[in-house]
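Here the structure is laid out as structure tokens; the discussion comes afterwards.
The values are calculated or read from the model by the stated rules, or taken from the named source; none is laboratory data. Everything quoted here is computed from the prediction, not taken from an experiment. Here the Cβ is made from the backbone with ideal geometry for all residues, glycine too, and neighbour counts use every protein chain on show. Ligands, DNA and RNA are stripped out before the accessible areas are found, and what is left, the full protein with its side chains, is counted by its heavy atoms. Shrake-Rupley method; radii C 1.70, N 1.55, O 1.52, S 1.80 Å.
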Amino acid sequence: MQNIRSFFIIATAIALLAVAALLTASLTIAFMGTLAILSIGRALSNRLKPVPVRAKTKREDMRVWNDGRGTIIDM
């Protein structure tokens, strides 16, 4: 009788451990799937955004400074 009781306790403990491992694995897979979907959506939304266009051209050759008597604009 003692052996049968200990066998059932051990079997129950192993079953509970297996259920906990299965739950952890399924939650991990669900979390990874959610992250994958979010990262794919982010990558696609970045690709679909229009690229901003500059309205002004860069003019590096124009210099503006003040020499104390007035503002000088060197074109």
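The table below gives the values:
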{"quantity": "Of (1) 34.6, 109; (2) 11.2, 33; (3) 13.4, 47, the label for Rg and Dmax of the Cα atoms in Å derived from the coordinates", "calculated": "(1)"}
{"quantity": "Per-residue SASA entry for residue 63, accessible area with 1.4 Å probe, Å² rounded to 10", "calculated": "130"}
{"quantity": "C-alpha long axis of helix 2-48 to longest principal axis of the chain, angle in °", "calculated": "20"}
{"quantity": "Lys, Arg +1 and Asp, Glu -1 on Cβ, resulting dipole of region 16-75 about Cα centre, debye, nearest 20", "calculated": "240"}
